[in-house]
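Student: Right, I'll just put the structure down here and ask away after.
The values are calculated or read from the model by the stated rules, or taken from the named source; none is laboratory data. Computed from a predicted structure; not experimentally measured. Please note: Cβ atoms are built from the backbone with ideal geometry, for glycine as well, and neighbour counts cover all protein chains shown.
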Amino acid sequence: MMVPAISTRAAAFALAALLTAGFPLSARAQLLNLSISPTTVTFPNSDPDTVPIVTSAVVQVTYRVRQNNNNPWILSVLANGHLIAGSATVDISNVSWVATPSPPFQSGVLSRTVAQRVAGGIGNQANASQGQITFRLANSWNYVAGLYTQTIVFTLTAP
Amino acid sequence: MAGFSRSASFFLFLAALTTAPAAAQETVTATLSANLGGLAKLTLSSTTVTFPDADPDAFPLISPATGPLTVTVKARASAGSTVRLTISAVDDLRSGTFIIPVSTLTWTTAGAGFIGGTVSRAAAQTLGTWTGSGVNVGTQTYRFQNSWVYAPGTYTLVLYYTLAAP
């Protein structure tokens with residue numbers, strides 16, 4: 001028996017609409033918001049003997065996760081390279097961070113190859129939530145003098 | 001039949017879209033800025049060197065009673081630059097009106113980058129040179145050239161150590 005093509009399309013649309021209505025949360029993309037302040041993290045010049053670990057000002061992280069059901073979410077950070085000043089470099093692994101509150105935040109060490117977990121959880125953060133990150137640079141007499149910079153990328157992901 | 005197949009394929013594609021959404025992602029970028037400016041730090045194990053009285057025949061060169069000085073040089077310098085440690089004197093050894101030329105003071109050293117020399121009041125003398133940043137530790141031992149011609153007395157002299165790291 002020949003089924004008219006137009007009828008099948010209509011049925012398909014109707015069924016898809018039903019599926020969408022029946023599973024509205026799983027069907028919708030997650031809504032994620034992420035911001036940090038300040039966006040420039042500064043380490044002041046310091047005597048390595050008296051200040052072996054140079055700390056930055058606190059970076060405020062504000063995030064929000066919606067329509068995520070009971071799925072996990074993760075905030076990670078990846079450096080785009082080592083600290084660079086002209087031809088001189090300081091390995092990015094000399095930069096670590098301490099983050100609060102824990103959980104969902106955790107401390108870690110920057111990497112330029114593998115994104116490092118900064119925070120993570122399950123489900124939604126219906127209201128904007130905040131965390132505080134303090135970056136730390138291992139100071140040394142062996143660094144070549146210079147003004148070093150590098151960018152780091154924070155990524156908030158929900159599968 | 002051909003029409004049914006096309007519709008079924010379209011339906012499956014739509015269903016997949018509605019039940020398995022792509023991962024959501026939000027990114028922000030921050031800039032790290034580290035001011036690792038030039039620094040220089042010099043440490044001496046003692047700021048006083050004392051030479052004992054001695055028979056010039058038996059001890060033509062007198063070593064300090066306080067032993068060698070340990071000199072610690074720390075510098076954060078620009079790439080390839082020369083870090084230099086010098087010693088200068090603005091006067092001779094003096095005891096009241098009596099004078100012993102400062103050139104009677106010499107020194108020997110141990111440690112990478114450290115070099116021996118003679119104190120001068122005319123120009124700063126180099127105690128050591130190094131390239132670039134780092135920590136260098138060595139010892140410096142003064143010698144005083146003894147003589148029968150010196151007038152008895154307690155002679156003193158101030159020496160200035162200068163560490164420069166460009």
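Student: Taking the condition of being within 7 Å of chain B (Cβ to nearest Cβ), touching a helix residue (DSSP H, G or I) at 6+ places or on another chain (Cβ under 9 Å) and closer than 25 Å to residue A:64 by Cα, how many residues in the stretch A:98-156 meet it?
Tutor: 1
Student: Let me ask another. For the stretch A:46-159, list the strands (runs of 3 or more DSSP E) that sit wholly inside it and hold at least 1 residues that are within 18 Å of the chain's Cα centre (by Cα); which are they?
Tutor: Numbers: elements: A:53-55, A:59-66, A:72-79, A:83-85, A:88-90, A:95-100, A:116-122, A:125-138, A:146-158.
Once the strands (runs of 3 or more DSSP E) in the stretch A:46-159 are filtered for at least 1 residues that are within 18 Å of the chain's Cα centre (by Cα), what remains is A:59-66, A:72-79, A:95-100, A:116-122, A:125-138, A:146-158.
Student: Right, here's the next one. Quick check: is even one residue across the stretch A:85-93 surrounded by fewer than 18 Cβ atoms within 10 Å (Cβ to Cβ) and within 18 Å of residue A:35 (Cβ to Cβ)? It would help to see each step written out before you state the result.
Tutor: Here is the first cut: in the stretch A:85-93, the residues surrounded by fewer than 18 Cβ atoms within 10 Å (Cβ to Cβ) are A:86-87, A:89, A:91, A:93.
When the remaining residues are screened for being within 18 Å of residue A:35 (Cβ to Cβ), the result is none.
No, every residue in the stretch A:85-93 fails to be surrounded by fewer than 18 Cβ atoms within 10 Å (Cβ to Cβ) and within 18 Å of residue A:35 (Cβ to Cβ).
Per-residue answers, yes or no, for (1) over 18 Å from residue A:58 (Cβ atoms); (2) surrounded by 16 or more Cβ atoms within 10 Å (Cβ to Cβ); (3) touching a residue at least 12 places away in the same chain (Cβ under 8 Å):
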{"site": "A:83", "(1), (2), (3)": "yes, yes, yes"}
{"site": "A:103", "(1), (2), (3)": "yes, no, yes"}
{"site": "A:127", "(1), (2), (3)": "yes, no, yes"}
{"site": "A:133", "(1), (2), (3)": "no, yes, yes"}
{"site": "A:137", "(1), (2), (3)": "no, yes, yes"}
{"site": "A:141", "(1), (2), (3)": "yes, yes, yes"}
{"site": "A:146", "(1), (2), (3)": "yes, yes, yes"}
{"site": "A:157", "(1), (2), (3)": "yes, yes, yes"}
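Student: While we're on this one: So residue A:55 passes all but one of these: (1) surrounded by fewer than 15 Cβ atoms within 10 Å (Cβ to Cβ); (2) under 30 Å from residue B:42 (Cα atoms). Which condition number does it fail?
Tutor: Condition not satisfied by residue A:55: (1).
Student: Which condition number in (1) farther than 22 Å from residue A:43 by Cβ; (2) at pLDDT 95 or above; (3) not hydroxyl-bearing (Ser, Thr, Tyr) is the one that residue A:123 fails?
Tutor: Status for residue A:123: all satisfied but (2).
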